[in-house]
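Reading through the structure tokens given below for one structure.
The values are calculated or read from the model by the stated rules, or taken from the named source; none is laboratory data. Being a predicted model, the structure only gives us computed values, none of them experimental. Cβ atoms come from the backbone with ideal geometry, glycine included; neighbour counts cover every protein chain shown.
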There are 2 protein chains.
Amino acid sequence: MGRGKTEIKRIENSTNRQVTFAKRKNGLLKKAREISILCDADVSVVMFSEAGNMTEYSSSPLIEQLARYQKESGKTLWDSKHERLSAEIDRVRKENSNLQIELRHLKGEDLKPLSPQELHALENALEDGYAGARAKIKEHHRKLKKNGRLLEEENKRLSSTYQQQQNKWNMGAI
Amino acid sequence: MGRGKTEIKRIENSTNRQVTFAKRKNGLLKKAREISILCDADVSVVMFSEAGNMTEYSSSPLIEQLARYQKESGKTLWDSKHERLSAEIDRVRKENSNLQIELRHLKGEDLKPLSPQELHALENALEDGYAGARAKIKEHHRKLKKNGRLLEEENKRLSSTYQQQQNKWNMGAI
DNA sequence: TTCGCTATTTATAAGCT
DNA sequence: TAGCTTATAAATAGCGA
């Protein structure tokens, strides 16, 4: 709905993502209210934004619906919570570990176990990232200049930093 | 929506009520799925029809969302015996989130929110990583040479890749 | 960021089979 | 009761202030 068809995939632009969340959140809550009234149904909705803000709607006390859910689904919500939590901790920890390994690689650490192919991919990733960071720095540079004296010092600092980088890369590349 | 405006009040005709429930149930689930994907949000929906049939949607395990709900809302859904476990999950999850952000930055994504200082640090990190990856490639190079003909092809491939990188950086740095 | 404002896309109430 | 279809009501994406 709206000025253009929207593909259902993560919205990359963070601002748009937030705006869309706010709009659709209201839409979803409205729909939930409507169906519960129109159809005499019990409905609960719990949402967390990326930032972690919670919104809930429940046509009757949430806890009651959960008890009912537990009964109907056969899924245990709180009796065997311990095992579930433990499993979740394992999962999250593993994910964490993988992320850390990836990060280390991007920082040039622990490269030994990598295959030539992986090293190659890694180089590409670094190269792309560097190009992006660099373009961004230049942009800041330009903006700061425009803002004039108040920011002159910061400007100078960046200027010299930027020059140092240039020199380093120059030397390294020859 | 539809052939006539509908007042939001209980639909008296039982058949219509059921039909509307079925239709709107699907609509609500679709919306829930969409917002969770589009906006990277966690969403849970639990519905009970008049007859007591349950339908659920959850973008991530309901149990986790409920744990989160409890924490955010301060409402106790179940005994706090497992608070420690929940806290640990929260902690690791937050860490994961930070790692993912850092990874995105190193890949040159989502740079907008960064301060000049942060960008600077980022550049340094990228630089170190690049140097490390590069040293590693050289090492491979040497080893492969020593291993002689059997690996000659791979050697060549790496050689050309390496040379390309050199050229790219050279051009970028001037 | 947060409103308003449309142009459009979607959801869906009624009908019909 | 369960699917289709279609006319209409609603939701909302992209903009502009």
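Whether a residue is within 21 Å of B:L66 (Cα to Cα) and within 14 Å of DNA strand C (Cβ to nearest atom) was assessed, and A:L66 does not pass this test. For the stretch A:28-41, the criterion of being modelled with pLDDT under 90 and either on the phi > 0 side of the Ramachandran plot or assigned to a loop (DSSP other than H, G, I, E, B) (or both) is met by no residue. When only residues in the stretch A:1-45 that are within 25 Å of the chain's Cα centre (by Cα), among the hydrophobic types (A, V, I, L, M, F, W, C) and within 7 Å of chain B (Cβ to nearest Cβ) count, which is farthest from DNA strand C (Cβ to nearest atom)? Per the stated criteria, the residue is A:V45.
Of the residues making up the stretch B:35-53, those that are under 21 Å from B:Y69 (Cβ atoms) and either surrounded by fewer than 19 Cβ atoms within 10 Å (Cβ to Cβ) or within 10 Å of DNA strand D (Cβ to nearest atom) (or both) are B:I35, B:I37, B:C39, B:D40. When B:N53 is tested against the conditions (1) within 13 Å of DNA strand C (Cβ to nearest atom); (2) farther than 30 Å from A:N53 by Cβ, the lone failure is (1).
Taking A:I63, is it surrounded by 19 or more Cβ atoms within 10 Å (Cβ to Cβ), at the interface with another protein chain (Cβ under 7 Å from one of its Cβ atoms) and either part of a helix (DSSP H, G or I) or away from DNA strand D (no atom under 16 Å from the Cβ) (or both)? Steps first, answer last, please.
Values: surrounded by 19 or more Cβ atoms within 10 Å (Cβ to Cβ): no; at the interface with another protein chain (Cβ under 7 Å from one of its Cβ atoms): yes; either part of a helix (DSSP H, G or I) or away from DNA strand D (no atom under 16 Å from the Cβ) (or both): yes.
Criteria not met by A:I63.
The single condition from (1) at pLDDT 75 or above; (2) assigned to a helix (DSSP H, G or I) that A:K112 fails is (2).
Results for (1) surrounded by fewer than 16 Cβ atoms within 10 Å (Cβ to Cβ); (2) part of a loop (DSSP other than H, G, I, E, B); (3) in contact with a Phe, Trp or Tyr (Cβ under 6 Å, 6 or more places away or on another chain); (4) modelled with pLDDT of 90 or more, shown as yes or no for each residue.
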{"residue": "A:T6", "(1), (2), (3), (4)": "yes, yes, no, no"}
{"residue": "A:R24", "(1), (2), (3), (4)": "no, no, no, yes"}
{"residue": "A:T55", "(1), (2), (3), (4)": "no, no, no, yes"}
{"residue": "A:E83", "(1), (2), (3), (4)": "yes, no, no, no"}
{"residue": "A:S86", "(1), (2), (3), (4)": "yes, no, no, no"}
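Scanning for something crowded, with 18+ Cβ neighbours inside 10 Å and in contact with a Ser or Thr (Cβ under 9 Å, 6 or more places away or on another chain), does the stretch B:88-110 turn up at least one residue? No, there is no match, as no residue in the stretch B:88-110 is crowded, with 18+ Cβ neighbours inside 10 Å and in contact with a Ser or Thr (Cβ under 9 Å, 6 or more places away or on another chain). For the stretch A:46-55, what are the residues that are facing chain B (nearest Cβ under 7 Å) and not small (G, A, S)? Listed by number, the residues that qualify are A:V46, A:M47, A:F48, A:E50, A:M54.
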